[in-house]
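The values are calculated or read from the model by the stated rules, or taken from the named source; none is laboratory data. Quantities reported herein were computed from a predicted structural model and do not represent experimental measurements. Heads up, the Cβs are rebuilt from the backbone with ideal geometry, glycines too, and the neighbour counts pull from every protein chain shown.
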Amino acid sequence: MIARNDAYIYGALGILGILGPIFFPNYTLSIAYLWMMVLMASTWDTLGGQTGYNSLGNITFFGVGMYISAIVQVSFFYEGGVGEYTSAMGSIKPVFTESQYFIGLGLGILAAGVVSVLMALVFSSFMFGLRGPYFAIGSLGLAIATAEITITINYVGGASGISMPLFPGDIEFRSTFFYILCFVFAVAAHFLLRWLYSTQFGLAINAIRDDEDKAEAMGIPTLKYKRIGWTIAAFFMGCIGAVAGNMAGFIDKEVAYPIPTFGIFMVAMVLLGGKGTLWGPVLGAILFHVIKETTWTYLLNLQWVALGLILIVNIVYFQQGIMGWLQSKYPESFGIAIDASREGANVKSGETI
Amino acid sequence: MSEQLISVNDVSKSYGGVHANVDITMSVAKGSITGIIGPNGCGKTTLFNSIVGYHPIDKGSIKFENAEISKLRVGDIARLGMLRTFQQTRIYGKMNCVDNMQISVSHRSSSKTSIFASRKGEIKDRAESLLEFVGLYSKRNLISGDLSFGQQKLLEFAMALMNEPKVLLLDEPTAGINPTLINGLIDRLRRANEELGITLCVIEHNMRVIMNLASKIYCLSNGKMLASGTPSDLQNDQRVIDAYLGGS
């Protein structure tokens, strides 16, 4: 039953993903951001929902990825080097050939992912000593500190940012190209996580969420599991950050470290959809994005109020999110068994207690 | 005398001014069932916590298979093959029983790939047969947090067995369990000891249970070792009777 439902959902999302930009070309970039948000929410949930470590700092890797990719893309093909390029504040516009641009971008995305992974490995060695709200605030501190450090580095343009290399092609091809990148990364992250949650790894991180001390007492190497979970999120956040930087065309602190927007949105989306579930983050991201775009269009000036109201209703009445609410209402559809014998009289005597 | 699996030597532990354990010396022989008794607050659980590395000890030495473990952390000790269950039962309440079992596999020899091993196949079979062993097979797909306290206790015991420990430290395994089922539990503890070869060290208040089960018993009182010996030795020891009945 679940398998068939999943097939329908994949079909619907696949149609949206492939036909969306064909039928609604004006919305191509908007749908691209939708997939980016699906990716952010899904990878946030690995640590936040499945492991119970609410990170407010995943956006760090987004920004780091964006900057790393910029450095790689510029330094790879601009002879003057990154320092000269950034100190010219955008007045140098080197023309890259198509192959130069795409190879640079590919290497940039890869480097963004790798550096983010390395950073996550370093951070996790001291961050996972913190638990609960301390981890949340600590990780937020990481994001803020990384953002502040970034703008002190003149090599990457300091506070005035970097203009990204120009895309070698017309604007429609550009939108479609970045759309495909976002879609592919979101799909790749989804299926990787889907597989992960079906393995012993998935159980282990859930055990950490339910009772970390017990998990430790049972010999589960908890740090290793938390570290793997965060590293996976960091990889995808770094890669998508690299893509987002090129989509934006110009990057600075606000673009690279959008802590009050995407940094918080990714948590809000997961809470809306239902944390600790595979589909919750996807559903939450889609709903959130649609609500956000609608209110930005039709309720301008009130969009933050509307968004805030939705979050309040979500937190007060549907703490488990939509998927969690559905699961508790229709547990059988989710393969959760209910003990019929406990409905009425308590426990029958006998060997099974 | 057979080989000692756990040797506790001269261990003391204080919390501020409270001397929870004072100069405790005891040992658990390989393959045996050893009991620890004593009035409430006498330091039994503190001793357990010291052995499994839950907190640092103030002085003394604790050896497991002749290797010093008093400086190791909980997870390291668990991976050596020494597990404990909790007085306040601890299971993963949001998962079903089979998942609780499957996550409890041993991490002693875990390879890189076992982290990402599938949940089907051999692990699942073993989980289900151990659930059957403790009598929870019919509840295997239920969310474990919805089980009764007694059932959760059995599940915790089964999870510990799933881990294939060398020694299992049980903190009041029969507390809160329906009296008619205690016999069944004693039987399972004994079978775990005999058939699975797991050494047991049991804290217990129920004298009938511990006298039946253990071959050697230690009695603590006010943080000190009061007496030790076979069940019949202790039953006739006036100091033990006084400690329990509140005599002077």
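Things worth noting here:
- For the stretch A:198-221, the set of residues classified as more than 20 Å from B:SER118 (Cα to Cα) and touching a Lys or Arg at 6+ places or on another chain (Cβ under 7 Å) consists of A:ASP210, A:ASP211, A:LYS214, A:ALA217, listed by residue number.
- Taking the stretch A:210-267 as the range and being hydrophobic (A, V, I, L, M, F, W, C) and within 14 Å of chain B (Cβ to nearest Cβ) as the test, the residues that pass are A:ALA215, A:ALA217, A:MET218, A:ILE220, A:LEU223, A:ILE228, A:ILE232.
- Residue identified as of a type outside the set (Val, Ile, Thr), assigned to a helix (DSSP H, G or I) and surrounded by 17 or more Cβ atoms within 10 Å (Cβ to Cβ) among A:PHE173, A:PHE126, A:PHE167, A:PHE183: A:PHE183
- Residues that are β-branched (Val, Ile, Thr), modelled with pLDDT under 90 and buried (at least 16 other Cβ atoms within 10 Å of the Cβ) do occur in the stretch A:303-310, at least one of them.
- Hey, B:GLY75 part of a helix (DSSP H, G or I) and more than 30 Å from B:ARG208 (Cα to Cα) or not: yes
- Filter result for B:SER114 (at the interface with another protein chain (Cβ under 8 Å from one of its Cβ atoms), closer than 22 Å to B:ILE177 by Cβ and either modelled with pLDDT under 90 or more than 24 Å from the chain's Cα centre (by Cα) (or both)): no
- Scanning the stretch A:23-46 for residues that are at pLDDT 90 or above and surrounded by fewer than 11 Cβ atoms within 10 Å (Cβ to Cβ) gives a single hit, A:PHE23.
- Qualifying positions in the stretch B:164-176 - within 11 Å of chain A (Cβ to nearest Cβ), crowded, with 21+ Cβ neighbours inside 10 Å and in a loop (DSSP other than H, G, I, E, B): B:PRO165
Every residue, every condition in (1) closer than 18 Å to A:MET40 by Cα; (2) free of Cβ contacts under 8 Å to residues at least 40 places away in the same chain, yes or no:
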residue: A:ALA112; (1), (2): yes, no
residue: A:SER116; (1), (2): yes, no
residue: A:ALA120; (1), (2): yes, no
residue: A:SER175; (1), (2): no, no
residue: A:PHE178; (1), (2): yes, no
residue: A:PHE185; (1), (2): yes, no
residue: A:GLN200; (1), (2): no, yes
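- Hey, B:THR34 under 13 Å from the mean Cα position of the chain (by Cα) and not hydrophobic (A, V, I, L, M, F, W, C) or not: yes
- Those residues of the stretch B:47-63 which are free of Cβ contacts under 8 Å to residues at least 60 places away in the same chain, on the phi < 0 side of the Ramachandran plot and either within 14 Å of chain A (Cβ to nearest Cβ) or out of contact with any helix residue (DSSP H, G or I) (no Cβ under 7 Å at 6 or more places or on another chain) (or both), in sequence order: B:ASN49, B:SER50, B:TYR54, B:HIS55, B:PRO56, B:ASP58, B:LYS59, B:SER61, B:LYS63
- On the stretch given as the stretch B:49-91, residues that are surrounded by 15 or more Cβ atoms within 10 Å (Cβ to Cβ) and basic (Lys, Arg) total 4.
- Selection count, the stretch A:1-22, where residues are part of a helix (DSSP H, G or I) and over 16 Å from A:ILE180 (Cβ atoms): 11
- A:ALA207 being within 14 Å of chain B (Cβ to nearest Cβ), surrounded by 20 or more Cβ atoms within 10 Å (Cβ to Cβ) and closer than 30 Å to B:SER104 by Cα: yes
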